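The values are calculated or read from the model by the stated rules, or taken from the named source; none is laboratory data. In this text the structure is predicted, and so the values were computed from the model without any measurement. We place every Cβ from the backbone using ideal geometry, glycine too, and count neighbours over all the protein chains shown.
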């Protein structure tokens, strides 16, 4: 593997992990379109570690408040009302855990099967198109009048199920969860923020598990380590910029542009890709 490939794929991973166009789909399809050898799951893990760093860097203040307020409520028996001046962050801990359960179950049961059998470009473009259609429908039907503070456990579970579906290549975690939030009439910014906060435990757990399976057990040759590190750093930087872009974008604009991109990308694959 060359550094230029690592930089390019790190950039693709960082941007598409958080923008609703499917990172796994792009990492499967683009190397094939360019005639590059599949970099394998170990390189994918390095890129996902980069996006974990991006998530932590962007939302670390939120998570510090969530954890400290939750700790104060559970251990020190402080009422959340006493902490309202700094925002009711601690209240989000249980909802985030609840929302992560479906993805944890699907990942535990079918992660290996998905990784080994669903990396075909033709299988990827089907959910690329379907989720694009769902995104357009969510924009049309959603009233977008509910802030995150009005979410219920029914909302958490439904959005959690959407996150579980995003484990399949071509779906997109942010695309599935933000769109589901729109169907539940959440404000775009609320849907996006909860989507990212909810995704962190799953992304971190999955990255650590895959790191153990692919790095610790299989190992990486010394010559590959520097290339992997370059991909990780590029994914982290581009991922951070992608989160910042999307959080600003959804406050004012529709997801329709991303749906159109998904359709165009699917058409491109059909026109160019040959097994």
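Quick look at the numbers
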read-out: Residue 211 vs. criteria more than 11 Å from the chain's Cα centre (by Cα) and modelled with pLDDT under 90; value: yes
read-out: Hits in region 18-48 - residues which are more than 16 Å from residue 119 (Cα to Cα), assigned to a helix (DSSP H, G or I) and at pLDDT 90 or above; value: 18
read-out: Where residue 143 falls short, out of the listed (1) out of contact with any strand residue (DSSP E or B) (no Cβ under 7 Å at 6 or more places or on another chain); (2) within 24 Å of residue 18 (Cβ to Cβ); (3) touching a residue at least 12 places away in the same chain (Cβ under 8 Å); value: (2)
read-out: Single match in 127, 169 (criterion: buried (at least 20 other Cβ atoms within 10 Å of the Cβ) and part of a loop (DSSP other than H, G, I, E, B)); value: 169
read-out: Criterion violated by residue 201 - all others in (1) buried (at least 22 other Cβ atoms within 10 Å of the Cβ); (2) part of a helix (DSSP H, G or I) satisfied; value: (1)
read-out: Residue match in region 218-241 (condition: over 12 Å from the mean Cα position of the chain (by Cα), touching a residue at least 60 places away in the same chain (Cβ under 8 Å), surrounded by 15 or more Cβ atoms within 10 Å (Cβ to Cβ) and not in a helix (DSSP H, G or I)); value: yes
read-out: Of the criteria (1) surrounded by fewer than 20 Cβ atoms within 10 Å (Cβ to Cβ); (2) under 15 Å from the mean Cα position of the chain (by Cα), which one residue 143 fails; value: (2)
read-out: Those residues of region 242-275 which are within 18 Å of the chain's Cα centre (by Cα), touching a residue at least 12 places away in the same chain (Cβ under 8 Å) and part of a helix (DSSP H, G or I), in sequence order; value: 242, 243, 244, 245, 246, 247, 258, 259, 261, 262
read-out: Hey, residue 119 assigned to a loop (DSSP other than H, G, I, E, B), modelled with pLDDT of 85 or more and at negative phi or not; value: no
read-out: Condition check for residue 163: under 23 Å from residue 118 (Cβ atoms), in contact (Cβ under 8 Å) with a residue 60 or more places away in the chain and surrounded by fewer than 23 Cβ atoms within 10 Å (Cβ to Cβ); value: no
